[in-house]
1. Take the conditions surrounded by 24 or more Cβ atoms within 10 Å (Cβ to Cβ), in contact with a Ser or Thr (Cβ under 7 Å, 6 or more places away or on another chain) and part of a helix (DSSP H, G or I) and apply them to residue 183. Does it pass?
2. What do you reckon, is residue 229 part of a strand (DSSP E or B), surrounded by 17 or more Cβ atoms within 10 Å (Cβ to Cβ) and in contact with a Phe, Trp or Tyr (Cβ under 6 Å, 6 or more places away or on another chain)?
3. State whether the residues of the range 83-95 include one that is buried (at least 18 other Cβ atoms within 10 Å of the Cβ), small (Gly, Ala, Ser), free of Cβ contacts under 8 Å to residues at least 40 places away in the same chain and part of a loop (DSSP other than H, G, I, E, B).
4. Which numbered condition in (1) of a type in the set (Val, Ile, Thr); (2) buried (at least 23 other Cβ atoms within 10 Å of the Cβ); (3) more than 27 Å from residue 141 (Cα to Cα) is the only one that residue 28 fails?
5. If I ask for residues that are of a type outside the set (D, E, K, R), in contact with a helix residue (DSSP H, G or I) (Cβ under 9 Å, 6 or more places away or on another chain), surrounded by 20 or more Cβ atoms within 10 Å (Cβ to Cβ) and under 24 Å from residue 105 (Cα atoms), which ones from the range 47-72 would you list?
6. Only one of these is closer than 18 Å to residue 259 by Cβ, touching a His at 6+ places or on another chain (Cβ under 6 Å) and of a type outside the set (D, E, K, R): 36, 21. Name it.
7. Of everything in the range 193-216 that's aliphatic (A, V, I, L, M) and without any contact (Cβ under 8 Å) to a residue 40 or more places away in the chain, which residue is surrounded by the most Cβ atoms within 10 Å (Cβ to Cβ)?
Amino acid sequence: MSDSSSPPASRNPLKRFLLCSPDHFDVTFEINPWMSAQRRPDRTKSWGEWNALVAELRAAGAEVHHFPSLPGLSDMVFPTDVGVVDGNRFVRGRFRHPERRDEAAHGATWLLEHGFTEIPWPDDPDLYLEGGDVLRFGDVLLCGTGPRTSPGAAKYLSQVFDTPVVTAPIVDPRFYHLDMSFCPLDARRAIYAPDVWDQEGQRAIRELVPEPLIISMDEALTFSANSVVVGRTVVMPSCPPRIRTQLEDWGFAVCVSPVDEFLKAGGGIRCMSLDLDLLGSTRKPSLVPN
């Protein structure tokens, strides 16, 4: 599966995701506390985990598209960061770290070739954004700020998508993207680890989420919040027993799809799966096999 083909589109997919295959996945630089050039991923195991994730997402009812990674861009397997998609439009990611900046162009190329329209950035070099910091909860966008996304970028998303944005400043460097500490489940429920954010962020999210599943830092360190939801199925890299019990009590099915090799680079399932329906817009290009 190293080409950019996709299976026939489902008639009514519950979700659509874009993944990037691990042709050249590696840990060749260190820009987060999880990465170490002394603890590099195994290529064969990476392919096995990636193929299993694709199969689990499709089994849950998602439509999965993918494109190949390129030499020299070892973090391309985390395409969530390359942009924020709203229906048939997207805002391209602006990476803070130079090691990842070329990834945004390749993700944008796939989106443009498949009928999406790019929303340009204003001419402001101080704006930076990574898609792992942007999640939808109910009628708002929740945006993590600090390590990888600037407050000004969050404000710009609110303007171009005409959607309220709630910001959560991140203070724990181990959870450098919001999707490592927050996972929306439905319009009322979310998994989250409040100790990752400052007091202002904790208050804002506490007011936003009526029924939280608050997790400890130890539970968050398993990447359990870095998951995706397809209908009533939560696809997770791991699921501590207490979290599983609460999810099942709420009527969710838990699907654990380990991605241990990818965790060596500091990315889990949500990092690996760009949500092509983030805002739930009905203005969607029809995606067909290449």
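The values are calculated or read from the model by the stated rules, or taken from the named source; none is laboratory data. Being a predicted model, the structure only gives us computed values, none of them experimental. For neighbour counting, all protein chains shown are included, and Cβ atoms are generated from backbone atoms with ideal geometry for every residue, glycine included.
1. Considered against the rule, which asks whether it is surrounded by 24 or more Cβ atoms within 10 Å (Cβ to Cβ), in contact with a Ser or Thr (Cβ under 7 Å, 6 or more places away or on another chain) and part of a helix (DSSP H, G or I), residue 183 comes out as no.
2. Criteria not met by residue 229.
3. Within the range 83-95, one or more residues are buried (at least 18 other Cβ atoms within 10 Å of the Cβ), small (Gly, Ala, Ser), free of Cβ contacts under 8 Å to residues at least 40 places away in the same chain and part of a loop (DSSP other than H, G, I, E, B).
4. (2)
5. 50, 64, 65, 66, 67, 69
6. That would be 21, the only listed residue that is closer than 18 Å to residue 259 by Cβ, touching a His at 6+ places or on another chain (Cβ under 6 Å) and of a type outside the set (D, E, K, R).
7. Here the residue is 196.
Every residue, every condition in (1) touching a residue at least 40 places away in the same chain (Cβ under 8 Å); (2) buried (at least 16 other Cβ atoms within 10 Å of the Cβ); (3) aromatic (Phe, Trp, Tyr), yes or no:
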| residue | (1), (2), (3) |
| --- | --- |
| 98 | no, no, no |
| 112 | no, no, no |
| 116 | yes, yes, yes |
| 120 | no, no, no |
| 128 | no, yes, yes |
| 136 | yes, yes, no |
| 153 | yes, yes, no |
| 158 | no, yes, no |
| 168 | no, yes, no |
